[in-house]
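Notes follow the structure.
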Amino acid sequence: MKIAFVTPEFEPLVRRSQVAEVSQALPRALKELGNDVRVFLPWTKPIQLQGLVELTEEGSVTVRDVDGFATFTIYRCVSGLVPVYLFENTQLFAERNPYGGEEGPYSDNWRRYAAFSRAVLGSFPVLGFDPDVLHGIDWTTGLIPVLRELDYAKEPDHAAARVGIYFQIHNLAFQGTFEREVLPQIGIPHRLFQSVGGVELAGKVNFLKAGAEFATIIGTHSPRHALRIQEQDRGYGLEEVFRRRHKELVGISNGIDYNTWDPDSDPLLPQPFSAKDKALAGKKKCKSALQASLGLDRGPRTPLAAMIGRFDTDSGFDLLAEMLTGILERNIEVVLMGAGRPDIQERLKTMETTFVGRCRVVEGYQLNIAHQIMGGADMLLLPSHYHPGNALCAIGMRYGVVPIIYGGSGLEDYVDDLEVHPRTGTGFHFQAYSGEGLLSGIDSARKLYRNAAAWKTVVLRCLRQDFSWQATAQEYVKAYRRVTRRVRPQQKTA
């Protein structure tokens with residue numbers, strides 16, 4: 001199968017979120033299955049020449065733009081045997097980041113990604129590539145299925161007219177919303193500014209909704225999440241779209257890169273370990289080393305809980321902050337890694353000095369320390385009300401860290417609740433989205449932790465879970481076959 005994979009991020013060239021990891025790992029796994037997959041990426045400021053291999057210029061494509069036309073020069077490089085096409089336009093992308101700067105999102109993101117979307121569709125003849133499926137991720141690619149129908153409905157011989165669209169929603173919270181006045185500037189007729197079957201939501205042009213309305217198949221990050229976002233107040237305003245298009249909505253659990261995240265061969269751990277290590281001697285050594293390196297009390301039977309992510313309400317940090325004193329008073333060590341506002345960082349530093357040896361804050365995201373935290377932690381706190389992916393949870397379980405999640409977050413497909421299924425459970429759910437709810441989940445974990453044999457059984461069960469991209473890629477291929485079987489008729493906009 002021939003797949004055009006369109007994304008604003010790609011590890012290791014440009015990373016702003018977990019989209020970068022998905023965009024690297026999934027194409028590579030699809031390639032290993034024998035598919036012809038190629039990545040399409042705007043050349044933004046973070047991408048540096050020294051990070052590219054076999055860079056060659058492939059041609060250029062000129063597309064409609066606000067000021068008349070915009071020309072993109074297309075370069076090709078290779079990353080892990082996967083071809084990557086970089087679309088360079090100095091004015092729109094080369095001197096800027098994928099989404100925005102320190103002051104927030106760029107005000108002309110509507111223009112930037114409309115032009116990029118057109119450039120991707122128009123590039124197929126230039127590249128000699130006739131894909132069966134175009135896989136787009138999140139709002140930055142949401143206009144592609146709309147423009148495919150608008151611009152190529154009367155050109156049946158063009159590769160863009162024949163390609164089916166798989167639109168993956170990674171994070172519902174970011175939708176790409178703009179004023180309706182942008183429509184004529186990006187060449188979309190006002191008749192499509194409608195709530196049912198159009199690009200409008202709450203009086204704004206919504207790029208994510210455009211993708212959900214016009215794509216051949218819509219994908220989200222788990223089967224249960226595909227059902228949940230159809231429920232009232234669970235789809236970030238798009239519930240009606242998901243209910244109306246439920247037959248085209250699929251949920252696929254993403255994988256993790258076992259080449260990077262494998263405790264059995266991780267060079268960043270003081271001692272490797274795996275499910276074969278029944279005594280978990282390696283895991284215990286990693287915990288002791290983590291406690292020593294972070295200045296924590298080195299009690300082998302003191303539970304160590306970790307949280308990695310931004311210190312904001314989206315990550316559920318507000319719940320943790322509310323209960324942090326109570327958690328630390330329960331004789332639990334807490335490691336927090338992430339970034340947040342200066343005032344939040346200052347409050348956390350105060351907690352460090354108040355609970356010396358019990359609480360440690362690691363500012364920013366430091367990959368080496370993240371590996372060590374996963375190797376040594378007992379519990380992983382995931383209190384967010386919504387998770388756009390399972391990567392962190394899956395990595396934690398891969399390292400034998402028992403997750404504590406909000407029961408309505410979308411991670412239920414990955415974490416079997418020990419309170420409900422003690423023989424098969426792999427973590428703990430808390431049902432009330434509140435500080436008290438989070439504390440109840442931690443108390444449940446703490447109760448089980450007192451039983452060393454029972455806890456070890458759960459840790460070994462987590463270590464045996466398979467979240468490989470190889471298994472995930474097989475599911476995507478099945479979804480792509482659905483795309484090729486039901487490319488939507490071009491009647492809506494013709």
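Working from the Cα coordinates of the chain, the gyration tensor eigenvalues give, after taking √(5λ), semi-axes of 42, 23, 22 Å in decreasing order. In the chain, the DSSP beta bridges split such that about 35 percent are antiparallel, to the nearest 5. Amide H contacts under 5 Å for Glu419: His429, restricted to partners 5 or more places along the chain or on a different chain, H placed in the peptide plane at 1.01 Å from N. With contributions of -39500 (n - 2.57) from each DSSP H run of at least four residues, the per-residue ellipticity at 222 nm computed over the chain stands at -10500 deg cm²/dmol. Computed from the C-beta positions of Ser195 and Glu322, the FRET efficiency with R₀ = 35 Å rounds to 0.40.
Keeping all protein chains in place and using 1.4 angstrom, which order do His190, His225, His158 fall into by accessible surface area, from largest down?
Heavy-atom accessible area, descending, gives His190, His158, His225.
For Phe5, the residues whose amide H sits under 5 Å from its own are Arg38, Val39, Phe40, His135, ignoring neighbours fewer than 5 places away on the same chain, with H placed 1.01 Å from N.
The residues of the chain have, on average, 40 Å² of accessible surface per residue, using a 1.4 Å probe with all protein chains present. The alpha-carbon of Lys247 sits under 18 angstrom from the alpha-carbons of these aspartates and glutamates, leaving out residues fewer than 8 places away in its chain: Glu213, Glu231, Glu239, Glu475.
The phi-based Karplus calculation (6.51 cos²θ - 1.76 cosθ + 1.60; θ = phi - 60°) puts the 3J(HN,Hα) values of the range 376-382 at x, 6, 8, 10, 10, 8, 10 Hz, whole numbers, x for Gly and Pro. Note on the range 354-420 and the range 112-147: Cα centroid distance 35 Å, given to the nearest whole angstrom.
Within straight-line reach of Lys285, meaning a Cα separation under 25 Å, sit the following lysines at least 8 residues removed in sequence or on another chain: Lys276, Lys447, Lys456. Close amide H partners of Val402, meaning residues 5 or more places away or on another chain with modelled amide H under 5 Å apart, are Met379, Leu380. The value of relative contact order for the chain, using C-alpha pairs under 8 Å at least six residues apart, is 13 percent. For the range 25-76, averaging the sequence separation of C-alpha pairs within contact (under 8 Å, six or more residues apart) and dividing by the residue count gives a relative contact order of 25 percent.
In the chain, the portion of solvent-accessible area held by carbon and sulfur atoms comes to 50 percent [1.4 Å probe, whole percent, DNA, RNA and ligands not counted]. Computed about its Cα centre, the charge dipole of the chain is approximately 1300 debye, with only Lys, Arg, Asp and Glu carrying charge at their Cβ.
Projecting the Cα atoms of His429, Gly396, Leu439 onto the charge dipole of the range 385-443 (Cβ charges, centred on the Cα centre) puts Gly396 farthest toward the positive pole.
In terms of Cα to Cα distance under 19 Å, which lysines are near enough to Lys2, apart from those fewer than 8 places away along the same chain? Within the straight-line limit of under 19 Å, Lys2 reaches these lysines: Lys31, Lys478. Computed with every protein chain present, the accessible area of Glu57 is close to 120 Å² [probe 1.4 Å]. Between Glu352 and Lys154, the modelled label-to-label distance comes to 6.4 nm, taking each label 7 Å out from Cα in the direction of the beta carbon.
The values are calculated or read from the model by the stated rules, or taken from the named source; none is laboratory data. Just so it is clear, the structure is predicted and the values come from calculations on it, not from any experiment. Every residue, glycine as well, gets a Cβ built from its backbone with ideal geometry; the counts of neighbours run over all protein chains shown. Quick note on the areas: whole protein, heavy atoms, side chains included, nothing else; ligands and nucleic acids left out. Shrake-Rupley method; radii C 1.70, N 1.55, O 1.52, S 1.80 Å.
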